[in-house]
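Taking it in order: structure first as structure tokens, then the write-up.
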There are 2 protein chains.
Amino acid sequence: MHKLDVALGERSYPIHIGRGLLDGGLIREHVRGNQVMVISNETIAPLYLERVTAGLGDLQCDTLILPDGESHKTLATLETIFDALMANRHSRTTTLVALGGGVVGDMVGFAAACYQRGVDFIQVPTTLLAQVDSSVGGKTAVNHPRGKNMIGAFHQPRAVVIDTAVLDTLPDREFAAGMAEVIKYGLIRDPVFFDWLIEHQPALAARQQAPLAEAILRSCRNKAEVVAADETEQGNRALLNLGHTFGHAMETFTGYRDWLHGEAVAAGMVMAAHMSGELGWVDAADRRRVIDSLAAWRLPVTAPPGMTRADFSDLMALDKKVQNGRLRLVLLNQIGDALVTGEYDPNALTRTLEAFCER
Amino acid sequence: MHKLDVALGERSYPIHIGRGLLDGGLIREHVRGNQVMVISNETIAPLYLERVTAGLGDLQCDTLILPDGESHKTLATLETIFDALMANRHSRTTTLVALGGGVVGDMVGFAAACYQRGVDFIQVPTTLLAQVDSSVGGKTAVNHPRGKNMIGAFHQPRAVVIDTAVLDTLPDREFAAGMAEVIKYGLIRDPVFFDWLIEHQPALAARQQAPLAEAILRSCRNKAEVVAADETEQGNRALLNLGHTFGHAMETFTGYRDWLHGEAVAAGMVMAAHMSGELGWVDAADRRRVIDSLAAWRLPVTAPPGMTRADFSDLMALDKKVQNGRLRLVLLNQIGDALVTGEYDPNALTRTLEAFCER
């Protein structure tokens, strides 16, 4: 088993990575009070819920099963969590356990941030994407009809428990979507890891345990370092959003239904690399390597059908990285070296949108 | 004009107290970005909204008017705030201005805590209760049908701007409700202030400016000191909830309609003093003085008609101060010296509920 720490002073917490961690007492060890609510979704609960609750039998242990999918990541679903907590009389010393992918983790984390002005929660991510990205770092949120993750909070978990065995049942498409975020770490700050990922693509696609655990560990370490240096995104934490401004626009355009988050991020990273090329920062060969690294996973590398430049402009204007009217973007100086900036030639953005949109 | 600081490190902020502060540039000075949304309710907006927006003309200044009343302090109303912010494309550098009483302040503060994971907000309280209590200290929330302030966040404002002239139009009943929270500071930690308040009751009831400003200043100073020592209520901040556990139960029982918050707190403080007497901590004369200090303002000093011991027990079991199954209460050692404790003879609580309930 690997253990990493996210160093945030009194809000520090461990990330445990290993095979079979759902069983055994690891989750129980991080519960401080005598109440717990395990919250999952209708896809994950039949697979793993009983194994998790089995280890919590000495506590008041309630469960809640939410509908599956990004389209349910709303204030309305949040309200069902609050209703269940109140109906079961959970107090400020309760602990919520988020058992599921990024949607479950983001919502349960936000519920934990708000319930009685803040209670403990533990992330037990069951998708590759949640394991390498969304479960670490304390960003929680729900979507607004006009924009993704627009309503939320920074609220750090007490622990992240990553059981790599749950990936055995993860569909290929979701596995690939997670790899988009893994590749992201290489692109923004770890060029050696980027090369390693290309080299080990076949082994990872075969889900070989050793390289898979290594990829998760290295992703979490990158994420933990970035978060520890900038918890509330005053600066370089924004680098983690490479591809996300384009990606969120595509997700919003497709109604959070057609594309998985990681798929939108993949296409968004290709667009960011393209624009970095238009600005003269990334050469054609590296632009090609970015596309190839993602296409190897059959991830989308262009915008969704029917999405226009006007759609992009409208949706990106609502991005959280807009500051006083200027859209800041995460771009690449080169592979392994990203920057966040509002200082760019807007014509480069126009040319990228032209290249990726039908009209 | 008086100025106090709430000392919270990088989250420190000033409280300005004076006559006529709605006009002039004081609010504008605390806006950091180029967007602002002034949020008020249908009672307050016709009186003061234009005066506030007049000073913000160089910014994108939008307004939103909410329905009036505690029964609207819900997630549904919060959603209308998010809708307005998104529709007007407010970014993470926006500032929300809460112009109204405690309900507006609590909701706008919570909206500011969650919108894009946290934006600036400024408290401009227009009731005595909001000026001396809820606008200071960063507690924000909405109600759940089963309990008051159950969903919320700690989010400090950038500034609190208290214009004492707005109290000229405040109805007597609301003014008295605010005095309940003023008297609370005397009861929990400032016995000299408690005596001063009894002495100056007639002058305060006549709304004489000098004693009124003094009462507000002294209340805010007490609140600021308590908050600075314990921002997120790990300990002594809970003393500010004297009367509130009983009071919240009464508010929930009456559906947040019949009683103002300060009225419920008044009756709740009488019950807390009674129970402290049953425990042998407060003598009969002081118990009497607590009642008299509140009754002078025609505040309720008993439970609402029809509320039973069972109603109290059910509703208090959901209080945020329940920890691992034990209800902690704020009680009095004596006037000017409160404590929060779960260590008490439960028979004293039973006798108090018997004394205040019909059956």
For A:K3, counting only lysines whose alpha-carbon sits under 16 Å away and dropping same-chain residues fewer than eight positions off, the answer is A:K223
Using alpha-carbon coordinates, inclination of helix A:172-189 to the longest axis of chain A, degrees: 70
Taking chain B as the reference, fit the longest principal axis to its C-alpha atoms, fit the long axis of helix B:102-114 to the helix C-alpha atoms, and give the angle between the two in degrees, 0 to 90, nearest 10. 60
Please identify which residues in region B:1-34 have an amide N closer than 17 Å to a label point set 7 Å out from the Cα of B:D230, following the Cα→Cβ vector. B:7-8
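How much length, in nm to one decimal, is gained on full extension between B:H2 and B:I198, taken as 0.36 nm per residue of separation minus their Cα-Cα distance?
Taking 0.36 nm per residue and subtracting the Cα distance, the gain is 68.2 nm.
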Calculate the length of the line joining the C-alpha centroid of region B:344-359 to that of region A:192-215, in whole Å. 66
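Starting from the Cα gyration tensor of region A:2-167, take the square roots of the eigenvalues, sort them a ≥ b ≥ c, and report rounded, prolate or oblate (rounded when a/c is under 1.5, otherwise prolate if a/b is larger than b/c, else oblate).
Working: a/c = 1.25, a/b = 1.15, b/c = 1.08.
Note, shape of region A:2-167 comes out rounded.
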Once you place label points 7 Å from the Cα toward the Cβ at A:A76 and B:A76, how far apart are they in nm? 1.4
For the A:S12, B:D258 Cβ pair and Förster radius 45 Å, calculated FRET efficiency rounded to 0.05 is 0.45
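Which shape class, rounded, prolate or oblate, goes with region A:243-355 when its Cα gyration tensor gives a ≥ b ≥ c as root eigenvalues, a/c under 1.5 marks rounded, and past that a/b bigger than b/c marks prolate? Please list the in-between numbers first.
On the way: a/c = 1.63, a/b = 1.04, b/c = 1.58.
Oblate, because a/c is 1.5 or more while a/b does not exceed b/c.
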Hey, quick one: spin label on B:D314, modelled 7 Å out along Cα-Cβ, who in region B:129-161 has an amide N within reach, i.e. under 13 Å? B:146-147
Per residue of the protein assembly as shown, what 222 nm ellipticity follows from adding -39500 (n - 2.57) for every DSSP H run with n ≥ 4, rounded to the nearest 500? -13000 deg cm²/dmol
Magnitude of the Cβ-charge dipole of region B:172-356, K/R +1 and D/E -1, about the Cα centre, nearest 20 debye? 120
Relative to chain A, whose Cα atoms define the longest principal axis, helix A:244-253 and its Cα axis are tilted in degrees, nearest 10, by 80
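Readers should treat all values here as calculations from the given coordinates under stated rules, not as data from a laboratory. Source: prediction; values computed, not measured. Here the Cβ is made from the backbone with ideal geometry for all residues, glycine too, and neighbour counts use every protein chain on show.
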